[in-house]
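Note sheet for the following structure.
The values are calculated or read from the model by the stated rules, or taken from the named source; none is laboratory data. In this text, all values refer to a predicted model and were calculated from it rather than measured experimentally. All Cβ positions, even for glycine, are placed from backbone atoms using ideal geometry, and neighbour counts span all protein chains on display.
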Amino acid sequence: MDELRARIETAFADRTKLADPAYVAAVEETVALLDRGAVRVATPPETDDGEWTVNAWVKQAVLLYFGVRKMEVHEVGPLAFHDKIPVKHGLAEAGVRVVPPGTVRYGAFLERGAIVMPGYVNIGAYVGAGSMVDTWATVGSCAQIGRDVHLAGGVGIGGVLEPPGARPVIVEDGAFIGSRVVIVEGVRVGRGAVVGAGVVLTATTAILDVRGPAVVERRGSIPPRAIVIPGVRTKRFPAGEFQIPCALIVGERSASTDQKVSLNAALRDFDVPV
């Protein structure tokens, strides 16, 4: 693995190295390892409050892969595609369900028991066991989706390929992401969190914790088991005062071994739109 990483980093710094078949083979091998789940773009921490480790060299390999691949025609029954990267194969052997016309691109990995409705999972992404990518939901390049996560209809999980060292979007185990939620720019959603329909989370979105007597403002991450809904707040501009979107943490999902009961209670108690 050290030799593979060294070749990737060298080729990324000097693209002329890709004239050497050994460097091209290193790129292809790294993406093949991604496809099998043997390497990941980001490594999860051992504790909830730990930091994910971004494996920049793996993202570099994905970027190089686009450079070494040629455009090809791929035909699946009556459907035809013209692209550099084929769709993922071996779904039955992997124990993964993909419902037509759902698409998983080669170089993405889905653990056994994952389900993709007519949605999309891009190269470099990781989807954990028991998770569902619901209808028209998108899992962008290199996004990391934990186990038992539900991405509801139309959810947009953004891809983060560049710069290679940037954290991808991360949705941790047991989270529920409501319909039409957009999560981009490396935002991290903690374990068991509930994000209500229509919330937009970017790196600069104000996330306001309003559970206590005073507002606590944060950006870039949702804490574990937090319950989040869309909100607005007033901001003054030269032309006057206007309402800008934010996210509100209004409660906390109860810790329970029965996740479905806990989720249903959270949605009901806090009137969270899904």
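Tabulated results
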| read-out | value |
| --- | --- |
| Residues (under 21 Å from Cys142 (Cβ atoms) and in a loop (DSSP other than H, G, I, E, B)) located in the stretch 47-81 | Gly50, Glu51, Trp52, Asn55, Arg69 |
| Residue match in the stretch 193-211 (condition: basic (Lys, Arg) and in contact with an Asp or Glu (Cβ under 7 Å, 6 or more places away or on another chain)) | no |
| Those residues of the stretch 197-227 which are at positive phi and surrounded by fewer than 18 Cβ atoms within 10 Å (Cβ to Cβ), in sequence order | Gly198, Gly220 |
| Evaluation of Val182 against (1) touching a strand residue (DSSP E or B) at 6+ places or on another chain (Cβ under 9 Å); (2) buried (at least 21 other Cβ atoms within 10 Å of the Cβ) (one fails), failing number | (2) |
| Given (1) under 30 Å from Phe66 (Cα atoms); (2) in a strand (DSSP E or B), number of the condition Pro168 does not satisfy | (2) |
| Complete set of residues in the stretch 50-64 that are in contact with a strand residue (DSSP E or B) (Cβ under 7 Å, 6 or more places away or on another chain) and in contact (Cβ under 8 Å) with a residue 40 or more places away in the chain | Trp52, Val54 |
| Of all residues making up the stretch 95-141, the number that are under 21 Å from Pro44 (Cβ atoms), among the hydrophobic types (A, V, I, L, M, F, W, C) and surrounded by fewer than 18 Cβ atoms within 10 Å (Cβ to Cβ) | 1 |
| Residues located in the stretch 95-116, provided they are of a type in the set (Gly, Ala, Ser) and under 20 Å from the mean Cα position of the chain (by Cα) | Gly102, Gly107, Ala108, Gly113, Ala114 |
| Of residues in the stretch 52-77 being of a type outside the set (A, V, I, L, M) and within 16 Å of the chain's Cα centre (by Cα), the one nearest to Arg40 (Cα to Cα) | Asn55 |
| Neighbours by Cβ (under 6 Å, 6+ apart or cross-chain): first from the stretch 119-136, modelled with pLDDT of 95 or more and in a loop (DSSP other than H, G, I, E, B); second surrounded by fewer than 24 Cβ atoms within 10 Å (Cβ to Cβ) and of a type in the set (Asp, Glu) | Gly128/Glu111; Ala129/Glu111; Gly130/Asp148 |
| Count - residues of the stretch 150-169 that are buried (at least 24 other Cβ atoms within 10 Å of the Cβ), hydrophobic (A, V, I, L, M, F, W, C) and under 19 Å from Thr43 (Cβ atoms) | 3 |
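For (1) among the hydrophobic types (A, V, I, L, M, F, W, C); (2) in contact with a helix residue (DSSP H, G or I) (Cβ under 7 Å, 6 or more places away or on another chain); (3) in contact (Cβ under 8 Å) with a residue 24 or more places away in the chain, each residue gets a yes or a no:
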{"position": "Ala13", "(1), (2), (3)": "yes, no, no"}
{"position": "Ala26", "(1), (2), (3)": "yes, yes, yes"}
{"position": "Phe66", "(1), (2), (3)": "yes, no, no"}
{"position": "His82", "(1), (2), (3)": "no, no, no"}
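Conditions (1) without any contact (Cβ under 8 Å) to a residue 12 or more places away in the chain; (2) in a strand (DSSP E or B), marked per residue:
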site: Gly186; (1), (2): no, no
site: Gly192; (1), (2): no, no
site: Ala197; (1), (2): no, no
site: Thr204; (1), (2): no, no
site: Leu208; (1), (2): no, yes
site: Gly212; (1), (2): yes, no
site: Glu217; (1), (2): yes, yes
site: Pro224; (1), (2): no, no
